[in-house]
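Report on the structure given below.
Bear in mind that the values in this text are calculations on the coordinates, not laboratory data. Quick caveat, the model's predicted, so the values are computed rather than measured. Cβ atoms come from the backbone with ideal geometry, glycine included; neighbour counts cover every protein chain shown.
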């Protein structure tokens, strides 16, 4: 009888109920909410589903991300090895390879002034950096948090890993991907507040055709110019441009298909689940997480506002040839931000087609956020 009792006692002690507290159950509820938003509402499901499931797993079975030093048999948890690839900046760089293979830089090549709109939208990053320092974050932690303003999850993870802010990676990644998903909700009120109906109705001239040679030269030239000035951007900008060169050169179709499909989705699974697994109750439910979420929202809002205001300036300088709404697309959320510019413009005038014009600042924002991350790395002497 004592054997049966002892066996049942051991079984009960091994259940999650015996090892979890109320904070874990709060995080399990949060994970379920994220799954609902991803599946039912369609908020970035490719990213939010694996992140939410990783969050669910780690708060039921914390050892799934335990390091070898923390386990009795010297073997780490499954997601620990996935997460190691995040820390080594491998997965974010591979995500950029896939993004490059799927991205059309034609609108940016046709209208190079879009680079300025993409740069203006990075203003939110540096605003959040200063605010984070005022809130007590260290310089490197403030830099890792502020990059959320670019609405670029892979870059946020990349910079947090490079700056040694692994403890903040979970909240930073969740905030970055959440704001990427919430672009259609956050941006329109800011865009409408800063523009007049007359400005929103401005129709832009059709973009010029872009030659095959221009498309091939663009990734090569950008890589040379950006990486010579800021070598620390090479992992992100280099992979982004390599993926785009695969797409545009036309002679490596198999590599293009692999980078933009199979490889991309495998990396998303590894990245999403491992990032979600960093959001244990102990790491996530604290004041720093609240500060990060607020700072991320401020950074994203300021970036959107800066892009729109710079768009208004360009509208004045070009005598009404630039619709200020495309400035909001300067954040890195591709192609959601460009779609929002199109949607808000169409609300003012259903015949107004801004999508391709907005794609220029949108893809420029991807490069701009990577450059901002490289700038922080250069400032802190990280290679």
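Using only Cα atoms, locate the centre of the range 325-383 and the centre of the range 193-259, then give the distance between them in Å, rounded to an integer.
12
For the chain, find the longest principal axis of its Cα atoms and tell me its angle to the long axis of helix 45-60, 0 to 90°, nearest 10.
Once rounded, one gets 20 degrees.
Once you order the gyration tensor axes a ≥ b ≥ c over the Cα atoms, which shape class does the range 164-226 get: rounded for a/c under 1.5, otherwise prolate or oblate by comparing a/b with b/c?
Oblate shape, in that a/c is at least 1.5 and b/c is the bigger or equal ratio.
In nm, to one decimal, how far is the modelled label at residue 207 from the one at residue 266, with both set 7 Å along Cα→Cβ?
With each label point 7 Å from Cα toward Cβ, the separation is 3.2 nm.
Take peptides 311-323, 178-190 and line them up by average Cβ neighbours within 10 Å, highest first, as a rough protection proxy.
Descending mean neighbour count gives 178-190, 311-323.
What angle do you read, to the nearest 10 degrees and between 0 and 90, between the alpha-carbon axis of helix 90-102 and the longest principal axis of the chain?
With rounding to tens, the tilt is 40 degrees.
Could you pull out which residues in the range 263-295 have an amide N less than 13 Å from a spot 7 Å beyond the Cα of residue 135, following the Cα-Cβ vector?
Residues passing the 13 Å test: 286-295.
Once each part is reduced to its C-alpha centroid, what is the distance from the range 40-70 to the range 98-149 in angstrom?
Measuring centre to centre over Cα atoms gives 26 Å.
Mind pulling the angle between the C-alpha long axis of helix 287-317 and the longest principal axis of the chain? Nearest 10 degrees, somewhere in 0 to 90.
That works out to roughly 10 degrees.
Quick check: residue separation of residue 220 and residue 192 times 0.36 nm, minus the Cα distance between them. What number comes out in nm?
Working it through step by step, the gained length comes to 6.3 nm.
Once you place label points 7 Å from the Cα toward the Cβ at residue 257 and residue 32, how far apart are they in nm?
Here the modelled spin labels are 4.3 nm apart.
So for each of 100-113, 148-161, 24-37 I average, over its residues, the number of other beta carbons within 10 Å; can you give me the resulting order with the highest mean first?
148-161, 100-113, 24-37
Taking 7 Å along the Cα-to-C-beta vector as the label spot, tell me the residue 2-residue 81 distance in nanometres, rounded to one decimal.
Modelled inter-label distance: 4.2 nm.
State whether the range 82-379 is rounded, prolate or oblate according to the following rule on the C-alpha gyration tensor (a ≥ b ≥ c being the square roots of its eigenvalues): a/c under 1.5 gives rounded; otherwise a/b larger than b/c gives prolate, and the remaining case gives oblate.
oblate
According to the square roots a ≥ b ≥ c of the eigenvalues of the Cα gyration tensor, what is the shape class of the range 208-312, taking rounded for a/c under 1.5, prolate for a/b larger than b/c otherwise, and oblate for the remainder?
oblate
Nearest 0.05, what FRET efficiency do residue 67 and residue 185 give at R0 = 45 Å with Cβ-Cβ as r?
Using R0 = 45 Å, I get an efficiency of 0.75.
Could you list the residues of the range 23-64 with an amide nitrogen less than 16 Å from a label point located 7 Å from the Cα of residue 286 in the Cα-to-C-beta direction?
Residues passing the 16 Å test: 23-24.
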